Amino acid sequence: METLIAYTFAHDSVARAAAGRARVEAYYGDLWKHEAKHQGYDGLTVGLHMWDRHDGTCLWPSWHDIGDVRVASVHAPLGYQRVIGDVQPYDAPAQLAKAVRRTPASFLELAPPFTMAVLDPSEERLDLFTDSIGVGRLFQLRLPNGWVWSNRPAAALLFAGVPAVAAPRGWSFAAACGWFMDDSTPYDGVLTVPGATHIVADGYRQQRTVSRIETTSVWSTDNADTAEETAAALQDVARSVGRLWPGQPTVDLSGGRDSRVVAGAFLAAGVDLKLNSYDAVPGELEVAESLVQLLKQPVEHVVSRKTPGTPVPAKPIAKPQPLEMVNRALRWHRYAEGLRPASYLFHTPPATLAGVAHLAIGGAGGEVAHGHFYPRDVLQLDALPLPRKLNAFSNHLQARLVPAAGPADEARAAVAEQVERVLRTAVHGGIQNATMLDYFYVVERLRRWGTTGERTGVVSPLLIPTFVRSAFALDPAQRVDNALHRELVRRLVPAWADVPFFKPSPTVSTRRSPAKVRCLADAADRDLIEQLLQDVEGFESLDTLWAASVAGASSATGEATLRQALWRATFDQHLDEVNRHLPSVPAPKAQQQPVPKPPTAKRRRSPLVRTIGRTKLWRAYRRSRFGRK
């Protein structure tokens, strides 16, 4: 639910902030279930506002005011004791703010996700910090006479009073690979602030200073932590969880490597926890149960089971009713503001931003230590000369990320250019082996995990800088061999050291038949979907993919492309919902000699989508779903 707004305006700041706050609250009121409490401060030229539930779930306050500084936090800074010592959470934000203002690099020792803004009224100064990876989310919007920052891109536009328009560059990336690469977002003019960034807005001098530590320096092998130091840091995070979230945490334990390291850190730290395992893949639960049995001290272990061999019911199960996918996509955009990937289309979107309050502890980030983007022949490719290696890894990423059919040539070219740019940045930073693929994963993919950064209470211990530095110190062969995970397990829970990490066996049959590809053409509103897919920017040959979907002969890749295209088409309707909360802009007076639009000008909105929006079919659909005329 946390929603942060920070700004600097050259003039009329208080009045503009009041109007912006009203727009934000009008739009997000229902999404917050009207439970959000506002706290904020407006200075002469800078201001800071925070909306949160304040339900006591987490002891770290999202807003802290001691008079001389105001501190707004998005997420909780796990491991903050490493920066300021063992200070009570309610008293810690101001001390942490002063410490990182003195030494900005110390902010990078906090576990992502975490974003913090500090306002000093006496100096009319605003400081903003992003975590080492940027998972905590901070977006910026530049205005003719100021800046607005927020952890929600639509909130930045609403606060500034700027119309929401789809970003051609961002959606070009998304059309090809499914996410918004580089600093792009779904909204034109709103950009992502990268990780390891410190922004200072000086209201008196009307200056803005941006400092960023290059990520290759943050994760330099020259500063690599030892396995012993990494194990100690993971235990610090576990203790910090116990300090910040009252009650007994639940930690997932599978048969795999990431969850074993995380669970081991909590056990080694002496945190009273409950372990949870899922009976999802044959053989994996047995490994998890064997790990629990090896513990010297009894630990509560909960298992979510799926009963094998369920008998066929006497009566046939009714076929699931088709879903209205356009409405579902709109609800996802309303909840996640275009930042969730289209793969969530068949999942039920949360009704509000206030619906989740439980603590979620997972193993996100562990992939950087076991080569998430590695091809099977990575070690052979790694032996090639650098120019050929770069070309091979670039081609591998493009083939993995971009489907063979669907994305337009311009979208493919945009992704190819960004892939090559990131890999070359890694090389210039001294990474000349397959670790450049891990660098790409962290810089481009990891920080965009929607479920990690979009809500509070998500704990990912393996995102801490010490773990990432240790992972970057590995050579590719060590990553393939899970060397870091095995060493950490040996130090954290020695009894688990000799239990191999679980790997699904290709010879073991699953309990369930392979899932049938879910076809978008089976949706209840397929006629509307077909119209929306007629002319979507960034795609081509959608008619062929749609015909396959109608025939029930789609591939998984083809359906993924159709979902992405529908994601883009419905985003225009989401923009309309956002813009209804902006003041009406009077129509321009007619000119005697209108200037024709240059032939090279890009369209902001598909004419077909606008036409559909005026049809009786669309109006009837919106009236039935939203009660609007």
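No lab work stands behind these numbers, since they all come straight from the coordinates. Everything numeric in this text was worked out from a predicted model, so none of it was measured. Here the Cβ positions follow ideal geometry from the backbone for every residue, glycine too, while neighbour counts run over all protein chains shown.
Descriptive notes on the structure:
- Taking all Cα pairs closer than 8 Å and separated by 6 or more residues, the relative contact order of the chain comes to 17 percent.
- An ellipsoid equivalent to the stretch 3-217, defined through the eigenvalues of its Cα gyration tensor, has semi-axes of 25, 21, 18 Å when rounded to whole angstrom and sorted largest first.
- Computed from the C-beta positions of residue 26 and residue 142 and an R0 of 22 Å, the FRET efficiency is 0.40 to the nearest 0.05.
- Counted residue by residue at 0.36 nm each, then reduced by the alpha carbon distance between them, the extension gain from residue 278 to residue 87 reaches 65.1 nm.
- When both the stretch 531-570 and the stretch 359-378 are represented by their alpha-carbon centers, they are found 30 Å apart.
- The phi-based Karplus calculation (6.51 cos²θ - 1.76 cosθ + 1.60; θ = phi - 60°) puts the 3J(HN,Hα) values of the stretch 280-290 at 10, 10, x, x, 6, 4, 4, 5, 4, 5, 5 Hz, whole numbers, x for Gly and Pro.
- Theoretical ellipticity at 222 nm over the chain - DSSP helices of four or more residues, -39500 (n - 2.57) apiece, nearest 500: -11000 deg cm²/dmol
- With Cα atoms as the point set, the radius of gyration and Dmax of the stretch 115-213 evaluate to 14.1, 48 Å.
- Given charges at Cβ of Lys, Arg, Asp, Glu: the chain dipole, positive-most of 470, 483, 5: 5
- In the list [x] 0.96; [y] 0.94; [z] 1.04, the label attached to Rg/Rh (Cα atoms, Kirkwood Rh) as derived from the coordinates here is [x].
- With R₀ fixed at 35 Å, the C-beta to C-beta distance from residue 428 to residue 400 puts the FRET efficiency at about 0.90.
- Potential lengthening between residue 410 and residue 290 on full extension [0.36 nm per residue; Cα-Cα distance subtracted]: 38.0 nm
- The modelled label-to-label distance between residue 55 and residue 10, using points 7 Å beyond Cα along the C-beta direction, is 4.3 nm.
- For the stretch 3-217, a crude dipole built from +1 on the beta carbon of Lys and Arg and -1 on the beta carbon of Asp and Glu, taken about the Cα centre, is about 280 debye to the nearest 20.
- Spin-label pair residue 227-residue 348: with each label point 7 Å from Cα along the Cα-Cβ axis, the two points sit 4.5 nm from one another.
- Nonlocal amide H pairs with residue 187, under 5 Å, H built at 1.01 Å: 167
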